[in-house]
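Reading through the structure tokens given below for one structure.
Bear in mind these aren't lab numbers, they're just calculated from the coordinates by the rules spelled out. Just so it is clear, the model here is predicted, and its values are computed rather than measured. Cβ placement follows ideal geometry from the backbone for every residue including glycine, while neighbour counts extend to all protein chains displayed.
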Amino acid sequence: MNKRIRKCLREEDQIDKKIAELMSQKADLEVARGQEEEKEIIRIIRGMKLEKHDLADLLDGLKSGEISLLKSEDFLDEDDGSSNAPNEKNVGAYEHAPESEADYGSQANE
């Protein structure tokens, strides 16, 4: 077999090994990230200092979709950068969380 072909085959094998190692490292990092995210969620919930029943109500509301969380970017108007943070006029604008992102704007106008 041609020397160049053998060299290419060896390099391909080396690259395949590196890819397998990197994929394994990536999978390990994804697991570690997930664990850290779960720890952070627990720290945040515990930091809220809720009573047992209030905590249960909060978790049930989040699980059922009756309570939804907004990202800080959701409070900024894309056109002029002004704040759309909840205030007396728009707090409670939703009776229930929107079913999808498409419903997000339509419920606020109801």
Gyration tensor (alpha-carbon) shape descriptor, the range 1-49, a/c threshold 1.5: prolate
FRET efficiency, GLU51 to GLN14 (Cβ-Cβ, R0 35 Å, nearest 0.05): 0.05
Simple spin-label estimate for LYS63 and GLU40 in nanometres, 7 Å along Cα-Cβ: 2.4
